[in-house]
Amino acid sequence: MGVRLDDLDLRELLAFDAKGGLIRFAGQRAVVLDTVALGLLRTELINTLGLNAARSILSRFGYAHGWRTAESIRSELPWDDEAEWRRAGGRLHTLQGLVRVERVPEADAGDRPFAEALLLDSYEAEQHVLHLGRSDEPVCWTIVAFAAGYMSYANGREIVAREVSCVGRGDAVCRLEGCFKEDWHGPPMPYEQGPLDASLERIAATLKSAERSLAQKQRQLARAAGAQDEDGVVARSEPMRRIIDLARRVAGVDSTVLVTGESGVGKERIAELIHRRSARAAGPYVTVDCGAVTETLLESELFGHARGAFTGAHADRVGLFEAAHGGTLLLDEVGEMSLAMQAKLLRAIQELEVRRVGESTSRKVDVRVVAATNRDLGAEVAAGRFRKDLYYRLKVVEIRVPPLRERPDDVLPLARALLAGLSQRLGKRIGGLSPRAADQLQRHLWPGNVRELENALERAAAMAVGPRIELADLPEEIRRLDGPPRTGAGQRTLADVEREAILSALEAHDGNQARTAAALGIGTATLYRKLKAYRGGR
């Protein structure tokens, strides 16, 4: 004998292992969640994403819950009558403890819609009022969407459910009505087409704007110390100035660029400068580390895949070439690619089209490719590990970034620029470097290049107890003397020493020129002239 609606009983539907902790409801695994925790989740979603986006997320969750419940309850229980199963959604929702669903009394019904019910003791209305206060609109988002999902699956056609009165809004009772989609003339429901995507796009745009503002502020701080130019690049040495000039010139054309150099020299900064100075600056700037992605996943990462293309491909996915459409794609560590992947990359660059894994048609893309590598690709070509045709396709323009040991004039300006950002990020007022610390930074050979310098300064900034970095704050391997004092082009002039002393004193006195001049034993007019000269006469 089959199950009837009136037979549904929590004691029979609920099964659990008292020792093992597994709980099953109608044969499917279930979990127990505290309603206050769910209320806090709702609050966090609203505070983080906004009311509309939070409603979209919770409504879509409720719709999926209702659809899944209808699907599983049909297969798990032997029903006498299909109509009984179709009407069981409200009873099941009640047994799950989320709300008590009761039929609308006949006297209150009037012209009855396809579906209607009273939602009593709604946990959603209770928690919304508890955490957020009374709302201006109904708040039983997941409960109403559950009803829509259950009824849509059970009836084999789309059904729209809405809450016409709600305790969370101050009404006497929560009441639900439902109708067929074709009879609905209102706006799309949140579980159908909510503003979630637009909300997330706004959040992403806000975060990007904040990042740009922070980067701009850091560049301003560094420029105040005479370290960075208008692009936020440190280039006091002649070799680095030539590199920056070349990058700015090549940014004006749409050619493919190959940026080479040792690990940690700043190849990514050069690629970013090229994008920022190009006509594509308003478009996306997308990066991928080819050496950090396994060969089996790299093709999908770059070109995307179709749903079902391989195990785990549960939905269509846009690749990075398509994501960078209208902008720039940086292929970092391109020398780590396999020969098979190199052939596919070559075709994508030459044809400006990609084919997602699992699809037979190609898609046009408008992307500028910048590649970076710490390998000698010429030697890799000679060894048969890199395709010659791809090599020449990538190096239409090649920019070699010299290691830090070949541009010692950049060490201290880089250190000051990095300290400006670290001071802000770590929340510590660090005015500069002591003479002994500065001298040791210049003596070190920096095998790890700028990345090693940044890590050393971060450690020193964290250890510093005074207003500047002392020799003892530097990592032990930096304190060890591994090079003679700089001579020739790398030797500091008297003007450099004077400039460092003045700027350090100015920062130590919080920018107060009168106190700085008194501490240095010079007049304020003299200090003003020198600072004006450091800033290029502005």
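Brief remarks follow.
- Among (1) out of contact with any strand residue (DSSP E or B) (no Cβ under 8 Å at 6 or more places or on another chain); (2) among the small types (G, A, S); (3) touching a residue at least 24 places away in the same chain (Cβ under 8 Å), the one test that A315 misses: (3)
- Test result for V369, open to solvent by less than 50 Å² (accessible area, probe 1.4 Å) and under 28 Å from the mean Cα position of the chain (by Cα): yes
- Wholly within the stretch 473-538, helices (runs of 4 or more DSSP H) carrying at least 3 residues that are open to solvent by 40 Å² or more (accessible area, probe 1.4 Å), of a type outside the set (S, T, Y) and modelled with pLDDT under 70: 494-508
- Of the candidates L13, L41, L5, the single residue that is surrounded by 14 or more Cβ atoms within 10 Å (Cβ to Cβ) and modelled with pLDDT of 80 or more is L41.
- Which listed residue is under 24 Å from A282 (Cβ atoms) and modelled with pLDDT under 80, from D229, D254: D229
- Some residue of the stretch 294-303 being assigned to a loop (DSSP other than H, G, I, E, B) and either touching a residue at least 40 places away in the same chain (Cβ under 8 Å) or among the β-branched types (V, I, T) (or both): yes
- Residues of the stretch 173-193 that are touching a strand residue (DSSP E or B) at 6+ places or on another chain (Cβ under 7 Å) and either more than 17 Å from R60 (Cβ to Cβ) or surrounded by 14 or more Cβ atoms within 10 Å (Cβ to Cβ) (or both): V173, C174, R175, L176, E177, G178, C179, F180, W184, M189.
- Members of the stretch 382-403 that are over 20 Å from V253 (Cβ atoms), assigned to a loop (DSSP other than H, G, I, E, B) and either in contact with a helix residue (DSSP H, G or I) (Cβ under 7 Å, 6 or more places away or on another chain) or open to solvent by less than 50 Å² (accessible area, probe 1.4 Å) (or both): G384, F386, R387, P402, P403
- From the list H314, H325, the lone residue that is under 29 Å from G252 (Cβ atoms), open to solvent by 50 Å² or more (accessible area, probe 1.4 Å) and assigned to a loop (DSSP other than H, G, I, E, B) is H325.
- Listed by first and then second residue, the pairs linking a residue in the stretch 156-169 that is of a type in the set (V, I, T) to a residue that is outside any strand (DSSP E or B) and open to solvent by 40 Å² or more (accessible area, probe 1.4 Å), with Cβ atoms under 6 Å apart and 6 or more places separating them unless they lie on different chains, are V160/K181; V160/W184.
- Single residue of A420, A460, A464 found to be modelled with pLDDT of 85 or more, open to solvent by less than 70 Å² (accessible area, probe 1.4 Å) and within 24 Å of M240 (Cβ to Cβ): A460
- In the stretch 239-258, the residue that is farthest from D409 (Cα to Cα) out of those that are part of a helix (DSSP H, G or I) and free of Cβ contacts under 8 Å to residues at least 24 places away in the same chain is R249.
- The residue that is least open to solvent (accessible area, probe 1.4 Å), among those in the stretch 372-381 that are small (G, A, S) and modelled with pLDDT under 95, is G378.
- If you go through the stretch 154-172 and pick out every residue that is modelled with pLDDT under 90, surrounded by fewer than 21 Cβ atoms within 10 Å (Cβ to Cβ) and either in a helix (DSSP H, G or I) or β-branched (V, I, T) (or both), you end up with 1.
- A292 vs. criteria open to solvent by 60 Å² or more (accessible area, probe 1.4 Å) and either closer than 18 Å to V233 by Cβ or within 20 Å of the chain's Cα centre (by Cα) (or both): yes
- Output for the stretch 81-138, where each listed residue is in contact with a Ser or Thr (Cβ under 8 Å, 6 or more places away or on another chain), within 25 Å of A30 (Cβ to Cβ) and at pLDDT 80 or above: L98, V99, R100, V101, Y123, E124, E126, Q127, H128, H131
- Restricting the stretch 270-289 to residues that are charged (D, E, K, R) and assigned to a helix (DSSP H, G or I), the residue that is surrounded by the most Cβ atoms within 10 Å (Cβ to Cβ) is E272.
The values are calculated or read from the model by the stated rules, or taken from the named source; none is laboratory data. Here the structure is a predicted model, which means the values were calculated and not measured. Every residue, glycine among them, receives a Cβ derived from its backbone with ideal geometry; neighbour counts consider all protein chains shown. The accessibility values were calculated without ligands, DNA or RNA, using every heavy atom of the protein model including side chains. Shrake-Rupley method; radii C 1.70, N 1.55, O 1.52, S 1.80 Å.
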